[in-house]
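First comes the structure, then the notes that go with it.
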Amino acid sequence: MNTENALIIDGANVQVTDIGLLFDGEISFEQWLEIGRKVGRVARISLFLVGDWLNYGQDRWNGGERFEKMAEDLRDRYESAMAETGLEMRTLMDAAYVARNVSLDQRRPHLTFEHHKTVARVKDEEERQQWLDKADKHDMSTRRLRKSINLGRIVSEAEMKPDPKTTGIDNHLSWIDGLMRWWKRFERSDWMEDASREKIEEVLSDFRDVQAIIAYLEEEAENRESIIEV
């Protein structure tokens, strides 16, 4: 495990500020390249930093239970600390979920947080590690990794290319119809009756991307309204 402090970027002519890098004077190409390596490393691990921090708090003061189960006074302090990050609750919960399910010794420094998020739902630790190894070795995108996990085998690059007959923007209604058909079958099943909190949270985690799409569309709609008002 590489224990180099990825947060150390400041140098003679560069400083890390609250809003970015401040260059004061000239640096060599080699120095600029090294800064790029460090910045990239920080970008790849940033949400892991948040997740590990959150999980430490839950382990240290709540026996590993989620913060919602803390005593009220401690929960209020914990939530205040979470607010100090400036991140949305959904982002914080995703970070904690992935960091807890993918341990430090399993993480791959050259893979993104999204790669690790993709394998976090794989329950078997050995299988989870194998998928990370494959993603690293084959330089897999998160989309290719996700499809490979769903199919139980490494999907080829050729399989990832869209069919020319279906290129273009898909009508979203077909996807919504498919989702609703799944939901109706889901409601008729007895899965929810027997599901633990952890199982339900797994399903919620799978829907984070859908929530992100909805949030994006809502924000764009508000922007359009603002433009019209002006």
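The values are calculated or read from the model by the stated rules, or taken from the named source; none is laboratory data. Here the structure is a predicted model, which means the values were calculated and not measured. Backbone-built Cβ (ideal geometry, glycine too); neighbour counts: all protein chains shown. Only protein heavy atoms, including side chains, enter the accessible area calculation; ligands, DNA and RNA are left aside. Shrake-Rupley method; radii C 1.70, N 1.55, O 1.52, S 1.80 Å.
Summed over the range 133-161, the residues that are more than 22 Å from the chain's Cα centre (by Cα) and either open to solvent by 80 Å² or more (accessible area, probe 1.4 Å) or touching a residue at least 40 places away in the same chain (Cβ under 8 Å) (or both) give a count of 3. Residues in the range 24-43 that are touching a strand residue (DSSP E or B) at 6+ places or on another chain (Cβ under 8 Å) and not in a helix (DSSP H, G or I): Asp24, Ile27. Annotation for the range 203-212: no member residue is modelled with pLDDT under 70 and either closer than 30 Å to Asn101 by Cα or open to solvent by less than 100 Å² (accessible area, probe 1.4 Å) (or both).
For the condition at pLDDT 90 or above, open to solvent by 80 Å² or more (accessible area, probe 1.4 Å) and within 22 Å of the chain's Cα centre (by Cα), Glu218 does not qualify.
Among the numbered conditions (1) free of Cβ contacts under 8 Å to residues at least 24 places away in the same chain; (2) over 24 Å from Phe207 (Cβ atoms); (3) open to solvent by 50 Å² or more (accessible area, probe 1.4 Å); (4) not aromatic (Phe, Trp, Tyr), the only one that Glu88 does not meet is (2).
Residues are listed down the side, and each one gets a yes or a no for (1) in contact (Cβ under 8 Å) with a residue 12 or more places away in the chain; (2) among the polar types (S, T, N, Q):
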residue	(1), (2)
Glu26	yes, no
Ile45	yes, no
Phe48	yes, no
Gln58	yes, yes
Trp61	yes, no
Ser80	no, yes
Glu84	no, no
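Look at Arg66 and say whether it is modelled with pLDDT of 85 or more and either on the phi < 0 side of the Ramachandran plot or not acidic (Asp, Glu) (or both). So Arg66 fails the test. Scanning the range 165-180 finds one or more residues that are modelled with pLDDT under 80, within 28 Å of Asn101 (Cβ to Cβ), open to solvent by 90 Å² or more (accessible area, probe 1.4 Å) and part of a helix (DSSP H, G or I).
Note on the range 31-80: residues that are open to solvent by 50 Å² or more (accessible area, probe 1.4 Å), of a type in the set (S, T, N, Q) and over 30 Å from Asn13 (Cα atoms) total 1.
Among the residues of the range 13-23 satisfying the criterion of being at pLDDT below 85 and part of a loop (DSSP other than H, G, I, E, B), which is surrounded by the most Cβ atoms within 10 Å (Cβ to Cβ)? For the range 13-23, the residue satisfying everything is Asn13.
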